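Data first, discussion second: the structure below is written as structure tokens.
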Amino acid sequence: MQETLELLAPAGDFSTLKAVIRAGADAVYFGGGRFGARAFAKNFSQEELLEALDYGHMHGRKLYLAVNTLLKEHEVKEELYGYLLPLYEHGLDAAIVQDFGVLRFLRENFSGLPLHVSTQMSVANASGVKLLSEAGASRVVLARELSLEEISFIHQESPLELECFVHGALCYCYSGQCLFSSMLGGRSANRGRCAQPCRLPYEAQGGARPAQRGGGRQYPLSPKDLCAVDLIPKLAKSGVFSFKVEGRMKSEDYASGVVSIYRRCMDRYLSDGEEGFFVAPKERQRLLALGSRCGFTEGYYRKRNGPDMITFTKPCHEKGDLTEKEPLQEPKRMISGVFRLQAGAPMELRVKGRLRKAAVRPSLDVEAGAEAQGEPSDEVSAIAAGEAPEKARQHPVTEEKLLANLKKTGNTPFAFEEMEVILDDGLFVSMAAVNDVRRAALHALEERILAAYRRKGARRKEAGRKAHMAPAPPREGVKNAREAFFCASVEKKEQIAPLLKSSLISRIYVDSGVFSRETAEEGLEEVWENCREAGKEAYYVLPAVFRKETSDWHRLLLRRRKADGFLAKSYDALSFLLQEGVCPGCIRLDHSLYAWSSESQAAFYELGVEGDTVPLELNKKEIKKRDNGRSEMCIYGYLPFMTSAQCLQKSLHGCSHSPGVLWLKDRYGVSFPVKNNCNECYNVIYNSKPLALFPMVDELTGLGVRQFRMSFTVESAHQVKQALNALKNRCPLDKTEHTYGHYKRGVE
């Protein structure tokens, strides 16, 4: 059993932050006015952020700032440093990040600031944790889709702290891999502005058998809320250190109520072990009353997916009867004191407390003017002096009277655990003077404690330095002198033949889902041979989700069949390839490994990869400002909106154990294809109409893009030929409704 666990609480405003600390949170995560994944929460002003840090630190708690969105070029270069600097200097305990470039920027500019990888990075394997550890992360917030066994394996393989969600709303999509809100309405989840299309009604169409849950509109993309209170012992034994409650958009009563229950249950486990652990019926009832969506689910900790995790009938968050509100008391820091009242000397109060060592910065000592010598002391003290006492004329002051006044700590964060009074006989001093000394001593102690958290200003380094942006070394057989280099990716076997015959296409990306695991080795060998005969490169596309089982199987495949190159869609897949000894110059990053800024590009290029893919959410002006020399751009395809561990086929019809396509029709009559990847057990929801930028190819070439990709997913061989013809003639798709994506609009 672990000796300590962290209960991490959300706070959407200062009042909630105080409430969750009173409720027993060990740490609080919150957002400021910029770069947080909850842009529509009330959030904190810059002044409130500083005040919140002081409040939390005075109560021995840690404060983590969410910087967990993707940042644009000007935001990294002009805004990020100035936004973080005062918080860093004031003692911010950690920053939570999604953007790989932001991780690099903070690592280089804010030395000593712990960096927590957000669940928005979709880390689902020990390989991804390893890569991010080497990049400077100190903690990883794991993907919410992992099982207890997978978490345990990651814990055994990684030295980093692991954080997992235990309560609150669940996303249908792997976090960070959702473009649904962005593509339909311009509100990007990667910028904290998700419109939650998953909570809207859809009508499912297709499938091998009639839907067991009836026809008509339902809410098949709306998960129930997570409640893992019963799993506290198992999560702890699996290696989870930080237990995270979701809810920065929730009310103060909700956040503090949930935290108080988890506090009691976690303390019960820590004191009595798994054998003595229980969750009282009243605690369960109160969690339900605080709010849920059609009840709770334990999420993915003990099962892969299933219809019992989905609301289906209504997606709203509903509360129960909360007539009884739990009283929350202000926590106090226990201290000791020695008060001296002696003849001929000013009265004096020395107060002393202890710090949590983890919170103290090793570069600063708690005593003013002292030189830091290795690890600082865990003890902090302060002294205040007042007027000298007089000789008593009638009623000398007593020890009892002094103790009664000295222990009145009022609204301060302190409470005296011990107080010693050293008193000469026959003296008098006013209680007002004693109170003044007490207030001065406590104020000085508070200043000393907060000083232990302060840091000196960071020294800024240039963002996205060009030294890391040099062109990748050419590989044998690659034709680098082309004006434009065209590639195509396929997810169906029938799509390959037209591409082999096309003189436009120089590289074919073969998705892992084209073949079953039973036929993959033979099928890929045939494709590689056909590509060689056609004079084309053959790249292998690793799965969008790369969990332990996936890496175990691919390790065997890669050792038997080598492609010309690889397309990685996740940090887990990228790290897996590097660990397996694949030449970094043979690895290209897909658009799901976001390279919005030169800082992000530099972070990836330091690994030696061939290049990145132009992010799908950037517009023409933003693309123009990028260094696109090593970037590939998608100019055609039904773009992926969601990648989910849930299976629509299984939820509505039962598991078919075979790949297929269902359709989701929204309230406007628009239908979206949904493919189930049975090799890796995940679904991908695609846009209803394809991106088609064929008329813009020459314009894009002028923006510095030289490599272009067509992405074929649900198309037939005939539709592939039509798209190739449109590319050849640089014209729109014939008789096919299409979209320009974000090329002309971008995201806020």
Going through A95, A124, A66 one at a time, which residue ends up being at negative phi, touching a Lys or Arg at 6+ places or on another chain (Cβ under 7 Å) and surrounded by 22 or more Cβ atoms within 10 Å (Cβ to Cβ)? A124
List pairs: first in the range 156-175 and among the small types (G, A, S), second assigned to a helix (DSSP H, G or I) and surrounded by fewer than 19 Cβ atoms within 10 Å (Cβ to Cβ), Cβ under 8 Å, 6+ apart or cross-chain? S158/S133
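Here is a yes/no grid of residues against (1) outside any loop (DSSP other than H, G, I, E, B); (2) closer than 30 Å to S598 by Cβ; (3) modelled with pLDDT of 95 or more; (4) touching a Ser or Thr at 6+ places or on another chain (Cβ under 9 Å):
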{"site": "Q2", "(1), (2), (3), (4)": "no, no, no, no"}
{"site": "L8", "(1), (2), (3), (4)": "yes, no, yes, yes"}
{"site": "A19", "(1), (2), (3), (4)": "yes, no, yes, yes"}
{"site": "Y29", "(1), (2), (3), (4)": "yes, yes, yes, no"}
{"site": "L50", "(1), (2), (3), (4)": "yes, no, yes, no"}
{"site": "G56", "(1), (2), (3), (4)": "yes, no, yes, no"}
{"site": "G60", "(1), (2), (3), (4)": "no, no, no, no"}
{"site": "T69", "(1), (2), (3), (4)": "no, yes, no, yes"}
What is the residue count in the range 140-150 for residues that are touching a residue at least 24 places away in the same chain (Cβ under 8 Å) and buried (at least 22 other Cβ atoms within 10 Å of the Cβ)? 6
Taking the range 563-592 only, how many residues are over 21 Å from M121 (Cα atoms), in contact with a strand residue (DSSP E or B) (Cβ under 9 Å, 6 or more places away or on another chain) and either assigned to a helix (DSSP H, G or I) or not hydrophobic (A, V, I, L, M, F, W, C) (or both)? 4
For the subset of the range 696-719 comprising residues that are more than 26 Å from S671 (Cα to Cα) and part of a helix (DSSP H, G or I), which member is farthest from the chain's Cα centre (by Cα)? D698
When you check F105 against the structure, is it within 12 Å of the chain's Cα centre (by Cα) and under 22 Å from L607 (Cβ atoms), yes or no? no
What's the total number of residues in the range 164-196 that are part of a helix (DSSP H, G or I) and among the charged types (D, E, K, R)? 1
Mind listing whichever residues of the range 424-450 are crowded, with 17+ Cβ neighbours inside 10 Å and assigned to a strand (DSSP E or B)? L427
Scan the range 180-189 and tell me whether some residue there is closer than 24 Å to G295 by Cβ and of a type in the set (A, V, I, L, M, F, W, C). no
Can you tell me how many residues within the range 71-102 are part of a loop (DSSP other than H, G, I, E, B) and under 12 Å from R34 (Cβ atoms)? 2
Scan the range 717-748 for residues that are touching a helix residue (DSSP H, G or I) at 6+ places or on another chain (Cβ under 7 Å) and closer than 24 Å to V514 by Cβ and report the count. 7
Residues of the range 713-727 classified as touching a Leu at 6+ places or on another chain (Cβ under 8 Å) and under 24 Å from N677 (Cβ atoms), total: 2
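The values are calculated or read from the model by the stated rules, or taken from the named source; none is laboratory data. All values reported here derive from a predicted model rather than from experimental measurement. Please note: Cβ atoms are built from the backbone with ideal geometry, for glycine as well, and neighbour counts cover all protein chains shown.
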